[in-house]
Amino acid sequence: MHRTRRRHCRQLVVGLVLLLMALTALPASAWDEPGLPRPSSTPDAHSDLLAGLPQPSPTHDAHLDADARPDPLAAHPDADPDPDAEPDLLAGITLPDLATIPGSVLGDFVPDGRASGPASAPGAPGAAGGPSSEPLLPALSNPRMFRGLAFDTCMAPSLDTMRRWRSSKYGAVGVYYGGRGRACRHQPRLGHAWMKGVQRLGWRVLPVYVGSQSPCVVAGSKKAYRIGRHAWRQGVREGRDAVRRAGAVGIRPGSPLYLDMEAYNYRQKKCARTTLTFVRGWDRQVRLKGYVPGFYSSADSGVAHMRAAARAGARDLPSVIWFARWHTRPRLAREPALKGSAWSSRRRIHQYAGNVKERHGGRSLVIDRNLVHAPVARIR
């Protein structure tokens with residue numbers, strides 16, 4: 001009996017030793033409380049999805065005039081040393097359809113560039129839980145401004161016609177100075193002497209560049225100029241061309257250059273991504289060269305697209321918007337496609353009529369009519 005008891009004791013001791021050896025061989029995570037994951041030395045695959053995306057910019061201080069502040073790109077012209085680099089991830093974002101956005105999210109337009117709600121903390125999401133609906137656009141660095149009526153016409157008129165038209169209600173003229181997509185490509189009068197001449201006559205100039213067009217452009221005459229496969233590089237290349245041609249006719253840095261993007265179906269997602277990538281590449285290059293990038297399009301296509309991109313947090317957007325909405329009264333502050341927009345005071349042009357014939361001083365022109373509160377060219 002004592003022998004049997006000693007044998008059982010030895011077996012118990014051996015069992016305890018084996019149990020202790022097994023327990024010491026377990027991984028440390030086996031000791032954790034069930035359901036509470038331990039910190040890992042490698043980042044969670046789902047915890048940093050937004051790390052590579054630019055965060056929403058701070059909202060304008062409602063008590064400051066954003067246009068009076070210095071332009072950070074003007075102070076640091078080398079802020080982006082590689083303009084040819086491919087765009088960030090927001091170039092491929094799926095943009096919301098404006099028709100699905102409730103008015104309460106868009107808010108109401110408030111004059112003078114002030115946000116329609118309380119200012120958000122830097123980097124904070126907007127009230128709707130997404131990116132800020134009032135993105136911070138680069139400040140306009142001491143631009144030459146014009147507020148009043150303007151006309152644009154396909155072919156630059158003669159200086160004599162421009163002198164006679166000083167009797168009209170217009171004070172500024174839109175000039176199609178470059179771009180492979182412009183209708184009047186042969187401009188025998190347009191040059192540095194013409195620019196200086198109209199400036200001496202008291203005119204202000206709105207320089208328009210008609211480059212490559214959206215892949216889903218509506219006008220049949222523009223389909224031959226659609227954006228190619230490498231939209232970013234093409235935008236950068238045409239931005240350089242816009243700056244070079246502007247300099248050739250005497251348009252100085254600090255001037256706006258307005259990219260003309262004719263009406264397109266921005267609700268086609270692939271087309272929208274390609275178009276936005278091209279526009280952003282063009283804008284970035286123009287801005288890096290010291291000019292102000294502007295954007296012209298129809299209110300219900302290109303302008304609605306830019307507004308959706310701004311609400312989604314995209315960068316490198318135009319600083320000034322020129323929207324076409326015909327057969328309506330000229331107005332800047334009540335455009336439906338720009339409700340609650342960052343493009344507010346001193347950043348808008350409304351083209352309110354097109355292809356109309358007017359006669360002043362004995363000379364007739366076919367023109368588009370515009371209401372302007374925006375930068376105009378500096379002519380050297």
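Points worth noting:
- Volume of the Cα convex hull of the stretch 230-380, divided per residue and given in Å³: 125 Å³
- Annotation: extensible slack from ALA333 through LEU159 equals 59.3 nm (criterion: 0.36 nm per residue apart, minus Cα-Cα distance).
- Cβ-Cβ FRET estimate between ASP300 and ARG380, R0 fixed at 25 Å, reported to 0.05: 0.10
- FRET efficiency, 1/(1 + (r/R0)^6) with R0 25 Å, evaluated for ALA219 and SER167 via beta carbons: 0.15
- Charge dipole (debye, nearest 20) of the stretch 188-325; +1 at Cβ of Lys and Arg, -1 at Cβ of Asp and Glu: 260 debye
- With the whole protein complex present, CYS154 retains an accessible surface near 50 Å², based on a 1.4 Å probe.
- Projecting the Cα positions of LEU338, GLY354, SER364 onto the charge dipole of the stretch 331-371 (unit charges on Cβ atoms of Lys, Arg, Asp and Glu, taken about the Cα centre) puts LEU338 furthest along the positive direction.
- Relative to one another, the C-alpha centroids of the stretch 273-310 and the stretch 323-380 are positioned 18 Å apart.
- Added length on full extension, which subtracts the Cα-Cα distance from 0.36 nm per residue, ARG189 to VAL356: 57.9 nm
- Charged side chains reduced to their Cβ positions (Lys and Arg at +1, Asp and Glu at -1) give the stretch 157-269 a dipole of some 80 debye around its Cα centre.
- Value of relative contact order over the stretch 165-266, rounded to a whole percent, pairs C-alpha under 8 Å and six or more apart: 36 percent
- Solvent-accessible heavy-atom area per residue, rounded to whole Å², over the stretch 315-374 at 1.4 Å: 41 Å²
The values are calculated or read from the model by the stated rules, or taken from the named source; none is laboratory data. These figures come from a predicted structure and were not determined experimentally. Please note: Cβ atoms are built from the backbone with ideal geometry, for glycine as well, and neighbour counts cover all protein chains shown. These accessible areas exclude ligands, DNA and RNA; they are computed on the full protein's heavy atoms, side chains included. Shrake-Rupley method; radii C 1.70, N 1.55, O 1.52, S 1.80 Å.
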